[in-house]
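Notes to accompany the following structure.
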Amino acid sequence: MRGMPDAADDGLTVGQVSARLGVTVRALHHWDEIALARPSLRTAAGYRLYTAGDLERLHRIVVYRELGLGLDRIRALLDGSAADVPGALREQRARVAERIDRLQQLGDGLDRMIDAHERGLLLTAEQQAAVLGPRWDPDWPAQARQRYGDTKQWLQYAERSASRGPEEWRAVADAVADLDRALGDAMDAGVAPGSPRANRLVERHREVFASYFPLTRRMQVCLGRMFEADPGFAAHYDGIRAGLATWLRRTIDASARAHGIDPDTATWE
């Protein structure tokens, strides 16, 4: 906030007041037009001239504007009694405090979003072991970021991860574990790819994996190929039941064909 300047006896022009108070000429014209701050003098040619009293009012307007008050509220304060000012300022202070709190929450959210993009999973190694099980490798999120960090799916995964805590991730992990058991049981029961029960499991698989990012049927086909071909994923599924990785891929392919998708030509889209 600036100190109040002195005006010459014959007044200051709009340009001089603009320079001294740090407000635009346009703002001064507007305040004149709405009768918030009118110059007391005019030159013979009709140009505005501001007196010391005018500058005092303008200075108060600038101060209140910097405090975030609207022009209508400022007018009421300037034209009302001095007793109204402390209450108005306390009210404005409360609003500022609320805004600071909202901005702090926004800042915290941005920090989580940044961490989620960089780390993928916002859990400590201890939390990961407790929530995701002892077979979970805390290095997997970093490996996934290195492999997929420039994809839209990583962006979607990170945005979801930013809003999840241990309990939300536990629910996701439980859903994956339940699905794995259901897949193993179906294979043991001789469920054939393309059968109604198999197709229901494919839909369930897509829903569960959509917890990470939206998953289309074509993308699911690509995942099925990866589950079978990637040693890490194949070991996971075959560790549940021998041959489960291949059975799951065949089951996903059969469901895709039922929806008019050729698994041999499906791409990640």
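Read-outs throughout are calculated quantities, based only on the coordinates presented, and are distinct from any laboratory measurement. From a predicted model like this one, the values you see are computed outputs, not experimental measurements. Counting neighbours? That spans all protein chains shown, and the Cβs are built from the backbone with ideal geometry, glycine included.
Mean residue ellipticity at 222 nm from the helices of the chain, using -39,500 (n - 2.57) per DSSP H segment of n ≥ 4 over the full residue count, to the nearest 500 deg cm²/dmol?
Computed ellipticity for the chain at 222 nm equals -21500 deg cm²/dmol.
Using the Kirkwood formula over every pair of different C-alpha atoms, what hydrodynamic radius in Å results for segment 6-115?
Evaluated on segment 6-115, it is 16.1 Å.
Compute the FRET efficiency between R147 and E203 as 1/(1 + (r/R0)^6), taking r as their Cβ-Cβ distance and R0 = 30 Å, and round to the nearest 0.05.
Taking R0 as 30 Å, the efficiency between R147 and E203 is 0.65.
From the mean inverse distance of alpha carbon pairs (Kirkwood) and the Cα radius of gyration, derive Rg over Rh for the chain.
Over the Cα atoms of the chain, Rg/Rh equals 1.36.
Which value in nm describes the separation of the simple spin-label points at A76 and S163, placed 7 Å from the Cα toward the beta carbon?
Between A76 and S163, the label points sit 3.7 nm apart.
Given the options Q153, Q105, V85, identify the residue whose Cα lies farthest towards the positive end of the charge dipole of the chain (+1 on Cβ of Lys, Arg; -1 on Cβ of Asp, Glu).
Selected residue: V85.
Given +1 on the Cβ of Lys and Arg, -1 on the Cβ of Asp and Glu, and no further charges, what dipole in debye does the chain carry about its Cα centre, rounded to the nearest 20?
In total the dipole reaches around 500 debye.
Quick one: dipole size for segment 143-210, taken about the Cα centre, charges +1 on Lys/Arg Cβ and -1 on Asp/Glu Cβ, in debye to the nearest 20.
240
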